[in-house]
Amino acid sequence: MQAEFIISAAWPEQFPAEGLPEVAFLGRSNVGKSSLLNNLVSQKGLAYTSARPGCTQTINFYKVDGKLHFVDLPGYGYAKVPKGFKDAWRVLIDSYLSQRNSLELCFIVIDARRGWMEMDLELRDWLEFRGRPYEVVVTKIDKLKSQSERHRGLAAFREQSNGRMPMPFSALTGQGVREIWQSIQKIRDRQSPNPQQM
Ligand SMILES: Nc1nc2c(ncn2[C@@H]2O[C@H](COP(=O)(O)OP(=O)(O)OP(=O)(O)O)[C@@H](O)[C@H]2O)c(=O)[nH]1
Ligand SMILES: [Mg+2]
């Protein structure tokens, strides 16, 4: 697996040329979007991560195996961001999600301990309305210590996932990487007449 940084876009004009199928990571600030991306490509320091919310502030594009783009977005719901900034982010994210033809799959990333929050549900409804394919990743699953806690948590997530099976993930243990790659692989298979060659 070979992943490389392409560009950090603060404006839509900086988005790279359309072409390769794109997978976007969306969710609340500090939920673990960048950590998920790094884990999927086994490159810890590729996307910046931080214990401080609001770490990713631009839309960052990465090329994976020369075959697809991973797109790391700024998180929403970070209260300390000044309002003017928030509006700019919203415009940037909205323009990406509404106009990007290459966008093939979105991951809504949710914190296992918090459940669906209002802005997650808004995002889900928005993606549904626009007909954007999405999957749900429940991250920081390692924070739920007992098996029964994990089961209960995932069942609750499922209710709001509109028929999807939420995928548990942990950046600490690597749990869930295979299942998440399988959902990405479906796109790659669609792109290639001969998936064996990918
Ligand atoms: N225990 C645990 N911690 C995690 C996990 N994933 C991420 N973290 C931690 O959560 C914090 C935030 O991770 P990031 O990947 O930077 O989160 P983000 O969603 O990209 O945040 P923004 O860019 O601010 O929107 C960091 O301290 C990570 O180490 C996980 O699966 N388990
Ligand atoms: Mg981030």
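The values are calculated or read from the model by the stated rules, or taken from the named source; none is laboratory data. Remember, it's a predicted structure, so these values are computed and weren't measured experimentally. All Cβ positions, glycine included, derive from the backbone under ideal geometry; neighbour counts span all protein chains shown. These area figures cover heavy atoms from the full protein model, side chains too; ligands, DNA and RNA do not enter into them. Shrake-Rupley method; radii C 1.70, N 1.55, O 1.52, S 1.80 Å.
Using the basic label-point model (7 angstrom from Cα toward the beta carbon), what is the residue 178 to residue 50 distance in nanometres?
If labels sit at residue 178 and residue 50, their model points lie 3.6 nm apart.
Which value, in debye to the nearest 20, gives the size of the charge dipole of segment 1-115 about its Cα centre, when Lys and Arg are +1 and Asp and Glu are -1 at the Cβ?
Its charge dipole is roughly 600 debye.
Among the listed pairs 33/140; 33/145; 44/67, which have their C-alpha atoms separated by more than 18 angstrom in this model?
33/145; 44/67
Charges at C-beta only: +1 for Lys and Arg, -1 for Asp and Glu. How large is the resulting dipole of the chain about its Cα centre, in Debye rounded to 20? Let's see the in-between values first.
Numbers: 27 positive and 21 negative charges, 120 e Å.
Using only the charged Cβ atoms, the result is roughly 580 debye.
Once you keep just the Cα pairs under 8 angstrom separated by 6 or more residues, what percentage relative contact order results for the chain? Show your work: numbers first, answer last.
On the way: 337 pairs, mean separation 42.9, N = 198.
Dividing the mean separation by the residue count of the chain yields 22 percent.
For segment 3-191, what is the accessible area per residue in Å² when the probe is 1.4 Å?
Working: 9510 Å² over 189 residues.
Value for segment 3-191: 50 Å² per residue.
Suppose we keep just the DSSP beta bridges with both residues in the chain; what percent of those would be antiparallel, to 5?
35
Scan the chain and report its longest stretch carrying no trypsin sites (Lys or Arg not before Pro) that are both in a DSSP loop and have at most 10 other Cβ atoms within 10 Å. Could you put the intermediate results ahead of the total?
Numbers: sites that count: 80, 145.
Longest stretch, sites excluded: 1-79.
Distance in nm between label sites at residue 99 and residue 13, each 7 Å beyond Cα in the beta-carbon direction?
It is 1.1 nm.
Identify, among 21, 181, 77, the residue whose Cα sits farthest towards the positive end of the charge dipole of the chain, taking +1 on the Cβ of Lys and Arg and -1 on the Cβ of Asp and Glu, with the dipole about the Cα centre.
So the residue furthest toward the plus end is 77.
Along the positive direction of the dipole of segment 3-191 (beta-carbon charges: Lys, Arg +1; Asp, Glu -1; about the Cα centre), which of 155, 166, 8 reaches farthest?
About the Cα centre, the residue reaching furthest to the positive side is 155.
Cut-off 10 angstrom, C-alpha nodes, Gaussian network model of the chain. Which of 166, 12, 74 fluctuates the most?
Comparing 166, 12, 74 in a Gaussian network model of the chain, the most mobile one is 12.
Could you tell me the calculated FRET efficiency between residue 65 and residue 5, based on Cβ-Cβ distance and R0 = 25 angstrom, to the nearest 0.05? Present the calculation step by step, with values, prior to reporting the outcome.
Values: r = 14 Å, r/R0 = 0.57.
Computed FRET efficiency for residue 65 and residue 5 comes out at 0.95.
Could you work out what % of the accessible surface of segment 3-191 is carbon and sulfur, using a 1.4 angstrom probe and leaving DNA, RNA and ligands out of the count?
After summing per-atom areas, the C and S share lands at 51 percent.
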